[in-house]
Structure formats: structure tokens, C-alpha cells
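Chemist: One structure, as C-alpha cells, below. Some questions next.
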């Protein structure tokens, strides 16, 4: 950024911060971290099959389904299986 910029880069004053926006950003970062923990610390197949690491019972299964159904689908975007089928001509 140029030194003669009309918008200096500086932290905002605490009175100007929006706490609800900070909470929303924190929730977004937590969701990103939860998805990345699985793919960074476990074998790749563990993201799709709970039996690969930890098993499919109890707390492992309880953590697997919300992570795959809510968080991973939001981060990955639409998959080809979610697109509309081609029209039959």
C-alpha cells in the first residue's frame, strides 16, 4: 500500500468494534478448524468413514455426523451429485 494512502491502516478503537461480528467470525474460524483437524491429523479416509480412526460408536460417531453433514458440506461447495440431473430428450 502506498504511503500517501487516504486510508491509513490501523486497528479500530474498542468502542468501534461490533461484538456480534466478532462472535460470528469466531464461529466461522471454529468451523474451519474442526474440518481441518480431521484432514490434518487423520488419514484422508477418516473424513468419510468413521471406522478408519476411532470407530463408529459413542462420542466418535456423535462428532462424525455433524462434522460431515454440516461443516464439510458448507466448505466443500456443491458436489456433482447435488446438481440437477440432465433433462431427458
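The values are calculated or read from the model by the stated rules, or taken from the named source; none is laboratory data. A quick note: this is a predicted structure, and the numbers were derived from the prediction, not measured. Using ideal geometry, Cβ is built from the backbone for each residue, glycine included, and neighbour counts are taken over all protein chains shown.
Chemist: Name the one entry in 42, 34 that is within 22 Å of residue 69 (Cα to Cα), surrounded by 10 or more Cβ atoms within 10 Å (Cβ to Cβ) and touching a helix residue (DSSP H, G or I) at 6+ places or on another chain (Cβ under 8 Å).
Modeler: Working: 42 fails: touching a helix residue (DSSP H, G or I) at 6+ places or on another chain (Cβ under 8 Å).
Going through 42, 34 in turn, just one is within 22 Å of residue 69 (Cα to Cα), surrounded by 10 or more Cβ atoms within 10 Å (Cβ to Cβ) and touching a helix residue (DSSP H, G or I) at 6+ places or on another chain (Cβ under 8 Å): 34.
Chemist: Now a separate question. Counting only residues that are assigned to a loop (DSSP other than H, G, I, E, B) and in contact with a helix residue (DSSP H, G or I) (Cβ under 9 Å, 6 or more places away or on another chain), which one in the stretch 52-89 is modelled with the lowest pLDDT? Even if it seems obvious, please write down each step before you answer.
Modeler: Applying the first criterion (assigned to a loop (DSSP other than H, G, I, E, B)) to the stretch 52-89 yields 52-57, 77-79, 83-89.
Going one step further and asking which of them are in contact with a helix residue (DSSP H, G or I) (Cβ under 9 Å, 6 or more places away or on another chain), we end up with 52-56, 79.
Numbers: 52: 82, 53: 79, 54: 77, 55: 79, 56: 79, 79: 52.
So, considering only residues that are assigned to a loop (DSSP other than H, G, I, E, B) and in contact with a helix residue (DSSP H, G or I) (Cβ under 9 Å, 6 or more places away or on another chain), the one modelled with the lowest pLDDT is 79.
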